[in-house]
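Only one structure is covered here, and it is reproduced in the block below.
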Amino acid sequence: MKKTRFILLACLLTAVQWNASAQKSKTDPDHTNYYAEVTTETNEVNIEIKDAVSRIEFSKFKIKLANKTTDYVVFKPKESTFKIAGSDFSPNDRMLLIQPSDKGGRVLDIKGNGKNVHADEYQFVLAGLYKIKADAPSTDVANFKLPASVNDVTGGNFKIELLKISKETKETVVKFKVTYNGKGYGLVNPNKLGVKIDNGQEFANAKIQDAFLLAPGESDNFIALFTIPGKIADMQFANMEVLWRNTFSESELQKLEGVTIDIKVDEGKTAAKNK
């Protein structure tokens with residue numbers, strides 16, 4: 001019996017030693033930390049952080065923001081900070097505009113640049129949150145004729161240029177470029193525009209797309225898609241006017257309070273994933 005117990009104990013110790021040796025060391029460049037998901041909130045947004053991982057040279061996670069307001073929420077990741085092992089790192093990801101009562105997300109990624117960011121826990125200081133009024137006064141822009149007699153039109157601090165047009169019997173597709181030349185921020189919502197034909201009938205832009213924000217001097221493109229039944233008009237030959245309505249507005253950003261979030265390693269998942 002004693003001999004049997006000794007054999008079982010030896011097998012157990014061997015299994016434990018094998019399992020330990022099978023684990024990647026934390027100094028191994030391929031060792032990955034996996035972190036627990038975190039949810040928190042501010043007065044304006046619900047925050048979810050998931051899929052957080054790190055190695056010696058980088059750390060990243062996916063952040064999802066749910067806008068609790070009836071205004072637009074802007075997130076500038078560059079103003080946030082990963083505070084890891086006594087050093088600060090800022091992500092270099094692009095700005096995010098979240099529609100009223102909607103959600104949006106980004107993958108935030110920082111590089112250690114020679115410093116070890118492979119920590120079991122760290123803090124993420126979420127900053128760079130702003131609000132921009134959804135009901136800011138719109139900018140008046142003259143109707144744009146199709147076929148075009150000119151290739152651009154200016155209204156207030158917005159310049160709109162025609163880039164491309166395709167006219168078929170039942171469908172017209174127009175691509176525009178807009179540039180904002182003001183001192184605040186220009187909000188562009190292509191879902192607001194429409195088109196009017198000679199008999200006075202108006203039709204909405206059928207291309208559903210997110211609104212976007214322009215800083216001073218910035219430009220971006222958007223699409224307008226119009227569909228009109230052939231029995232009403234043949235759009236290959238019809239005269240049309242783009243109605244900008246409330247597509248363009250400008251406002252200042254209102255800074256919102258941020259939050260500091262603790263990111264902690266999920267020891268079980270990390271051990272399982274590094275075998």
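We did not get these values from a lab; they are worked out from the coordinates using the rules stated. Note that the structure is a prediction, hence the values are computed from the model and not measured. For neighbour counting, all protein chains shown are included, and Cβ atoms are generated from backbone atoms with ideal geometry for every residue, glycine included.
Listed values, structure above:
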item	result
Cβ-placed point charges (K, R +1; D, E -1), dipole of the chain about Cα centre in debye, nearest 20	1160
Prolate/oblate/rounded label for the range 228-272 (Cα gyration tensor, a/c 1.5)	oblate
Angle in degrees between helix 2-22 and the longest Cα principal axis of the chain, rounded to the nearest 10	30
Spherically averaged projected area of the range 28-175 from its Cα convex hull (nm²)	13.5
Extension gain, residue 272 back to residue 149 (0.36 nm per residue minus Cα-Cα distance, nm)	37.7 nm
Dipole magnitude (debye, nearest 20) for the range 144-251, charges at Cβ of Lys, Arg, Asp, Glu	60
Inter-part distance where the range 140-192 and the range 84-110 are each reduced to a Cα centre, Å	30
Inverse of mean 1/r across different Cα pairs in the chain, Kirkwood, Å	22.6
In range of the label at residue 215: residues from the range 84-107 whose backbone nitrogen is under 17 Å from the point 7 Å along Cα→Cβ	90-98
For the range 144-251, the spread of Cα positions along each principal axis, largest first, Å	46, 25, 21
